[in-house]
Structures are given as structure tokens and as C-alpha cells.
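Before any comments, here is the structure.
The values are calculated or read from the model by the stated rules, or taken from the named source; none is laboratory data. Fair warning: this is a prediction, and the values are worked out from it, not measured in the lab. So basically every Cβ, Gly included, is an ideal-geometry build from the backbone, and we count neighbours across all protein chains shown. What goes into the accessible areas is simple: the full protein's heavy atoms, side chains included, and nothing from ligands, DNA or RNA. Shrake-Rupley method; radii C 1.70, N 1.55, O 1.52, S 1.80 Å.
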Amino acid sequence: MAMPNAQALSQNQYSPMALLLSQALSQNIPTQAALPQELPSAPSSMPIPTLTSLFNQSSPSPPTSQQNPGPILTPSTPYSAAWSASSQIQPSASLAVQNSSSAPMSIHAHPLPPPSQQSLSATLRPMHIPESSLSQTSTANIEPQSLSSSVQAIGSVQPGNGLPPPPPPCQPYTTMQGSTGTNGYGQITSLQGHPRITVASGFPALTAIQRTNNNRLDHASHSLPHNARKEKKPRGKAIRPPSLACRDRGPNIEDCINIAVGGVEVITVDVLVYLPLPPKAIINHYRLPSQPIFYDINKDSVRMVLDALGLLHQYSNLPTSTMVFDLLSDITTKLRDRYSFPLLLSSLPLAPRELLPLHLMGFSNYGRTNGSYSTSKLRPMSYESSTTIRDLLSSHSTYAIPKFVITKDNHFQLHAIIRAYPLEANVSLAQAYLGLDESVRPHKCLSKRFYSMFRHDSDANLNVHALDEEEMEESCDELDNNEDSDEEDSRVVAQSLTSERRSPDLSTETSWETSMDHDPQRTIDGSTSSTSLPRLALTSAAGIHSIPHKLWEERWISPSPLALIPEFFDHERTPAIFQIVAEVNRGGSECAGFEVKGANDQEMASEFIKLMRASVQSQDWSKILSPYRHFMCIDNQDNYISSGPGCEQSTMTEVFKQFFDAREDEFCMPLFESYTTLQSADIQISPEKRRELVLFGAVTALALVYGQYPGHLNPLLLIYLLNNCNLSCLHRDLVSSYLPSISEMLDRWLNMGPSDSIVDFAAHFASYHNFQVGILNGRSAAGHRMLAWEMLHSVVVGPVGVDNAYFEAFIEGFQLPCSTGVDLVDIVRSFSGGAEEFVRTAEASSILDFTSLHIRFLCSISESSLHELANAFSIAGHNFAGKIFEEVFKEFLTGIGTPCPQLLEDAKSRLSIEVKASLSGLQSPTFRMRLMCWAVTGATRTLRDGNPIRIILVEDSDPCYLPATSDPDSRRAYILSGCCSFKTCTRTMRIPVSHLIRLLTQSYDSATEIKDAQAAVHNWLLIQMLESAGAYTTV
């Protein structure tokens, strides 16, 4: 086999593979036997040394005879871990390299004797370039060198005993220490001075210490047991690396405020005037938004359309001290040049701002997105005459939400809405981007077109070709054709009232329409040069078209439940509502809990009302409706006495008493029979009055949440409010169940025509409408139809609609809006049976007679005690003969008054303040039943959710009568005094049978208050319940 020449060898890298091939060729060994079967791959970052990298450019003096003739590569057993013994090469050769510039390089094989076992275990140490050579040869660009250059002997055996010298002592590490070094004998050491151990030729290896550590870890991983349950530590939040770049802080209100000459704060204000919302019938037909939407996705398109309609007004460098009323008045003046606005006529002394056709709007629910379309909503807001732009900038929850109201030009954006629908104007639909008609002519369909295009923002369809032009135009024509008859009907009924009224809201969502008369001679300050009579709200042009159909002509369909809220039932009413508020998180926030502590019911009720007032300020009731609640009774030293559901029921009972017993006359007035409605007038109210109305509305809603009927409010009014003030929800069957006489009257009215005599209805119109029926002669068919709605509204809601300041404040609290995105109206839709059953079941909790109670009677006594009790009944007289305990207890509950007035007077000193106040109803047929519920459950009503009340006859040794840790002497004292054990948490009353037997078997003097056994037993049970109600003791 031919030998490779020196030139070819010099152009190849000097590697272990080259050594093996050269040794095989020199000994005529087959190359397949010389090569290893498996070769480990070198790391990509580690270069394979070449011939030129193994020798220094400056060679020492030529070797003498005593020295080795050339570089001697000590043979080794490379790749010993992977090779088989048969494939290992005998270390039988050394390479001699001579330095000659003229003669070619020759490679000679020098056979060596067979190595010993120790020589086989030796390893070839990797060659490293000395630091001195780095200055002459760059490791980044190494080219093969010719063999004519001088060479240096590397790896020669030092004289001596042949053993490697000991490593140098460890030196402290410094950052200036080189990456490599030698131990003085040509051996490469690590930074710590330990020689490296090579496991494969040509590759760097670990130090001895590192190898030991790796072996230890490998042994531990195989020998120690693994914990499969051990959870990995969760990865924490990534820490943002420090950066000098300034991060975008987002818009800020202060960015849009500038300082003019003289230090005056100025601001550029953009006022977007929304078109009036159509009536509910049109909203349902076209599927329009039922509440003004803040358009964010299509904000540029909305601004473009409003600008084309003349409804976008910009005020540059406006002082922040400018009155909001002055701003809206100026806009009104500009809009009157293009639109015809009806003016509000009223005999009431309304403020000038209330006469404007524009209503200022703000964000509802802090601007949080909610609903199925995840949009932010706007709603009309009340403001004082002295309110300035600066005041609006300070309202960060209603008007000045930076991410919404700061434009890209740093303008402050305000929103307003036109009150009256429809808005008529001479416009070109094409120029206003609302249609294809380029002709300029009157249009009353602007609102329908605008909201049909933009809808809820996320589902906007800006293609005008998608609009039903024919249907839109037909609606405009219908308005024109009916205008004459409607105006005539309005004039007829306009004389019916002596004060202005607004129409009831017939929509399922909040409606912002307000009926107004048009009087071109009325000025902005409210003065008028002609006499005009107020009129019925439902008979205005807006009111006529807000009536979708004839009363009770269409079947009422309850709103479908929300997908996020599961169905729940009456027996789980209160905890289910609390859990829904906690779990349904449409706003992304969590429900925080609260704790109420006090020495009695009054103190705890006072603490709870403080929490409610805080919710009135924040407009967030999620904390009050949180399931994480704790009511605890403590003594004067803050020592724990009692806690649990019983304390909660007692506290809420006291809260409801304070509002529905003590303050109901302050908020409500009688309307029909024994039912009341909210006292209201179409005037502005003070902020303090408004907060109290919001609080009263929230207490009314909480009473329904707890299953208690709120005072004497009309149940039809509550159902009406829970259906978003949709008067259509009061269908014939519902009205008949509560107000049968009104249902019968309305049926007679609907069966009549406009020309029939209505003398039989004179009493109704005189009582609820304050006018004589003669004024209604000559009414049209439309007016006759509308009056049916008006008659129903006047009996249920009252003389004014729900769009006045009183009802608006009450409804704000009644809805219990939460930061989680839900309110009571949303939740009640998922109640089994809807709003009707929600109110009806709460009304059923009122105790009317014994059948209203949710009660069970048990006897937990021995057979002998049962016989003894039966004998006691037989000797107690005719009032007990042949009766059982359940019958005796029922006779007590259905009794009236007190059998022993003097004994009751003596016991008053031991009664709580709340119980003393309730004694005024002692003669009520249901007083004892309500007292029993109060003492056993903490509520003066029937609790349908959970277990029934349990009245249990027990032995003296009953383990539940007293705690197990009680003293035996204390137990004996309680039993002898006849104390009954009340536990409100479990709704149980335990009666010691031994004391009952003693009372039945005693002899009585008929001349005293306790004249017989019946008086003794009834007085005993009454005093026990009176002492227990409103108090928290061990027994």
C-alpha cells in the first residue's frame, strides 16, 4: 500500500484519526481493524488541533543525540470507553519529524516492544498552545503550515522516575488569572491547579473534582428514591429587565389642559351629540342598542357622521371654569338653526338646565365593558347649575376616564344626547353617510339609520347598502300621515292635567326619551308669550309611537336568562345570589368580603348600613353581595358571644325594620288599596336626598334577596322594575292576581270604542288622573288605546313616570350594580319563574296565618316521659284533655295578646330594645307567629330556604340543650327555671318537658293572673320568646 507523502499530510489536520491511519499504514494493519467502531463527536465549539497549531513558530535548537529526534506522541488508548479490546491499537510507533527546508518530510515507523498493562492505561494528554505562541499565530485564522518551519518537541518524557509530578498548591482565583497554565512539566492544569483528565483524545475533559462530583450526583440519581408527588415550583412572573427607555404611560387628563396668558387653564373640548334613541318597538324590530354606546372601534366613523349632521362641536382653548349649562346652551342655539326641538312646558318651577333639549351623558359602571357585546355604556347624568368643565375633569368615574375621553389630539371629549324622538331634519342621506338618497328633504329616520349602522360597535355594519331603504322610507311616510291625527289627539288630551307628566318607559332596557311640546315662541329661559296647557305624556307624538301595540294584545314573554348565570330556585335564593356575584366575573374584579360586629342587633345593623353607604358612593354593591360575610355578636370587652347565619338574619331584620317600619312614610305614599309606591315629583332633588333614595332602593332589593317582602310596595311595581321598567310585563293574568278590580276595569275599557260613554270611569280618572271624563269626549282610536296604558301605569307606578329624579335614584340602588358586571335584574332573569316568582315567593314569606309557617314538631323524650306528659294533659283541664303537644303549641301561636299583662310588664326590663318596640303589635293575630320566627331564626318572616323551624320536646339530659362543657349545676338551674334553648343557626327551639309537666300539674287560683294551666303555659312560652328575640345567650 502506498505511503502518503509529506505534502499531503501537511495539508490535513493533525487528529487522532490521522495517527491511527498512519500507524495502520506503517504496520500493514487493515484500516478497518484500526478504526474504532464508534467515535464520539466533538463539541461544535471545540476546534480539532492541526499540525500547525501543535508547534510553535520559533523552534528551539536541533535535538542532540541524548534527546528524542522529534516530537514524540506518547501512545495511549483513545476512546477506551467506547472501543472494544480488539479494536485498540498497540502503542508501537512514534512520529519523527525532521526540520529540513530542501528534503521532503519522511515518516518513519519505529517498532516498539509490546506495552505493559500500565502503559495501556496511560492517556494522551491534549496539546495546548502556549500563551507565548498566541502573539504570533492567531487561533481565529489558522492555516496549514509547511513542514519547513521549525518545530518544537512537545510531550517529551522528562528525566527522572517517569511519574507525573504532584500538582501545585491551589491558588486563590482572580479575574486576571489565565484560562490555561502548566505545572512546569508541560502538563496543562485547570484554574485551580488540578490536572485535567482526558477521557477521549482530542477533547477537553473535566477536572478530578468535577468528575468526582458528577459521579456522586449520578450515583445519587440512581440510588435515592424519587418523589413522584413532588410538585415543581411554579414559575413566577418574568422580571422586566432594567431599561433606560421611557415606557408609554397612556393618556392623562392633565395632558389636555393648557395654561393660557394670565395663568388661566384652558382645554379643547369635543362635544358629541348623540341622536335620540327610538322607542322600544323600533329597537326590537331593528335590533338596535337600547342604551347609548361609547363607540371605540368605529369612533372615527361615528365622528364623521355626527360632523356631517352638525352634531359634533369643538371648542378650542375653552376655560375650564366654563359652566356646563352654558356649553350645552350654546350647542342648543346652534342646533336650532338646523333642527326643530320641542320645548318642555311645565307649571313646575324647573331649572333652566332641565328645559334644554340636550341631556349630558356620562359613563355607567366606571366605563367597564359588559353585556354580550362587551361595550362601555353611557347614560344621562344630572348636574348642578354651577358645574364647570373642571368639575367634569375631576370625575374620573363618570366623565373623565382618560382612555376613553382623551383623543389622539389631546382633546377632552364630552357626550350628550337629544331628548326627544323623532329628530326631523332636512338633510341629504348621502351627504350624511346614512343612505343613498342625495336629495335634501325632511327625514325622521336619522336615529334608526344611525343606530342600524353602528349598533353595539362590535357588530357595526357601515355598508349603507345593507339598510332597508324601502322600510325606512315607509316609516317616515307613516309619521307624516299620522301627524295630523296625532296632533289633534294631543290637543284634546292636553287639557286633562294641571301638571306636566312624562311617559312611562315601555322598553325592556333603559329608555332616554322624554316627551316635550314644541312651542316656537318659548325662549331658552323658560318664559313664554302664549298660554299652553300641560298634557298627558302618552299622548304626545313621542308617546304615540312608543306604544308598540294594544294593551294585552300580545302575549308577554319573559327575558331569557343570561348564559353566564345558572338557574336557581327559591330554596337557595340568598346563597345562590351571593355565589353568582362571586363567580360571574364579567368585569374582571374579585368580590371582597366584610365583617360586621356589635353587641346587639342595632349595633350590627348600624355597621352594616355604614357599609351600604360606602357602596352608594362607589356605585358598586359586589361587597354587600359577597358570599364572604361574617356577622358576629360581641360583648362590651369585644369577647365573642355568637356568630353565624342567625346573627346575619337578626341584623338584616333590624335593617329592614329601620327602613320599612320607621322610614317608609318618608319614601313611599299610598296608591291603591293597601299598596304604596315611591313618593316622587318631577323636580330636582338635593344630593343628600338622592343618596337616601339610592340607599332605600338598595334596601328594597336586599329584602327581596333575603326573601323578605319590602314593606307595602306594590308587587306589580317591583315586577315592573325587575323587568327594566317594561310596562308590557304587567299582563292580564298578573294584574288579575293582585288587582282584580283594575283588571276588570281595563277589560271593560278595551272592549269599548272611542265614541262610547265613559261615565263609569269618572271615579278612576278623578282619583288617579285628576281630571273629569268630559275632557276625553271626541278622542281618537289611538288616544283611546293609549289611555288604557296610562290607566294601568297610574295605578301601579303612580302619577309620574320613572324618568324623574326620585325614581332614577331609587332604581340606581334597586338594581344593585356590581363591579363584576352583573346586577339584580340580570340575576333575577335566571330565577326559576323569573321576576314574577321572585317577588311572589318573597311575598309568601310574609306570615298571614299558621299555614304560612315552615315548621315541624318533634318529641325527643323517653316512653315514660311521654306517658307522664299524656297524664299531665288529662289532669290539666278541658283546655288540654285529649290533645298532643303540637296542638297545644299551635293554640299558643294563634293566640292574641298576653295572658298575664302584669307579668309581662315585670319582664320588660329583661327585653331588648328592639323587642320592646315591637310590643306595639301585640294584639296582631300573627304577632306570636312572627315572634316565634324571630326567636328561632332571627327573621320575623318565614324562611323558605334551608331547614324548617323545629320545635323539640327534650329530656333534662338532652346533649343539645346546653353545650357539653356546661356545668351540671348550671344545667339544673336552667331546667328548673324553665329556660328554653334557642339556636338560630340550626333553627331549633328545645323545650324541657319536665318544666311543661310541672306547669300542667300545678294548682292555680282563678283570682290571680295565672288562673289556669293554659295561662301559665302561654305566658311561659311568650316570655321565653320575648327574652330570646334580639338577644344572644348560651340558652
* Asked: Based only on Cα atoms, what Rg/Rh ratio does the stretch 309-467 have, Rh being taken as Kirkwood's radius?
  -> 0.97
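If you filter the stretch 572-643 for GluC sites (Glu not before Pro), then keep DSSP loop positions with at most 13 other Cβ within 10 Å, what is left? Please report the intermediate quantities before stating the final value.
Numbers: sites: 572, 583, 590, 595, 603, 607; in loops: 590.
Answer by residue number: 590.
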* Provide the per-residue ³J(HN,Hα) series for the stretch 654-661, in order, calculated from phi with Karplus coefficients 6.51, -1.76, 1.60 and θ = phi - 60°, each as a whole number of Hz, with x at glycine and proline positions. => 5, 4, 5, 5, 5, 9, 8, 9
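So, with a 1.4 angstrom probe, what is the percent of accessible area on the stretch 765-854 that is carbon and sulfur?
Working: 1290 of 2530 Å².
Heavy-atom surface of the stretch 765-854 belonging to carbon and sulfur, 1.4 Å probe: 51 percent.
DSSP loop chymotrypsin sites (Phe, Trp or Tyr not before Pro) in the stretch 790-890 with at most 16 other Cβ atoms within 10 Å of their Cβ, which ones? Don't skip to the answer; put the middle values down first.
Values: sites: 806, 807, 810, 814, 831, 838, 850, 857, 873, 880, 885, 889; in loops: 880.
Hits after loop and neighbour filter: nothing returned.
Test of understanding: what is the full-extension gain from residue 297 to residue 560, defined as 0.36 nm times their sequence separation minus their Cα-Cα distance? Present the calculation step by step, with values, prior to reporting the outcome.
Numbers: separation 263, 0.36 × 263 = 94.68 nm, distance 2.82 nm.
This chain segment gains 91.9 nm when fully extended.
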* Non-local amide H neighbours of residue 859 (under 5 Å, H modeled in plane, Pro and chain starts lacking H): which ones? -> 953
* Structure fact -> Taking N as the number of residues in the stretch 779-841, the ratio of its alpha carbon radius of gyration to 2.2 N^0.38 Å works out to 1.50
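Using a probe of 1.4 angstrom, how much of the accessible area of the stretch 284-407 is carbon and sulfur, in percent?
Details: 2510 of 5200 Å².
For the stretch 284-407, the apolar C and S fraction of the accessible surface comes to 48 percent.
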* To do: Count neighbours as other Cβ atoms within 10 Å of each site's Cβ, and list the trypsin sites (Lys or Arg not before Pro) in the stretch 260-345 that are DSSP loop with at most 15 such neighbours.
  => 287, 338
* Structure fact -> Spelling it out for residue 361: with amide H atoms placed in the peptide plane at 1.01 Å from N, the residues 5 or more places away or on another chain with amide H under 5 Å from its amide H are 381, 415, 416, 417
* Asked: Using θ = phi - 60° and the Karplus curve 6.51 cos²θ - 1.76 cosθ + 1.60, what whole-Hz ³J(HN,Hα) does each residue of the stretch 414-424 get, with Gly and Pro shown as x?
  -> 10, 10, 9, 9, 6, 5, 8, 10, x, 9, 9
* **Inter-part distance where the stretch 618-684 and the stretch 853-927 are each reduced to a Cα centre, Å** => 30
* To do: Could you pull the accessible area for residue 769 with a 1.4 Å probe, rounded to 10 Å²?
  => 0
* Structure fact -> Which residues qualify? For residue 668, with a placed amide H closer than 5 Å and at least 5 residues away or on another chain, they are 679
* Structure fact -> Probe 1.4 Å, all chains present, heavy atoms only: residue 725 accessible area in Å², nearest 10, is 10
* Asked: Averaged per residue, what accessible surface does the stretch 660-782 expose to a 1.4 Å probe, in Å²?
  -> 38
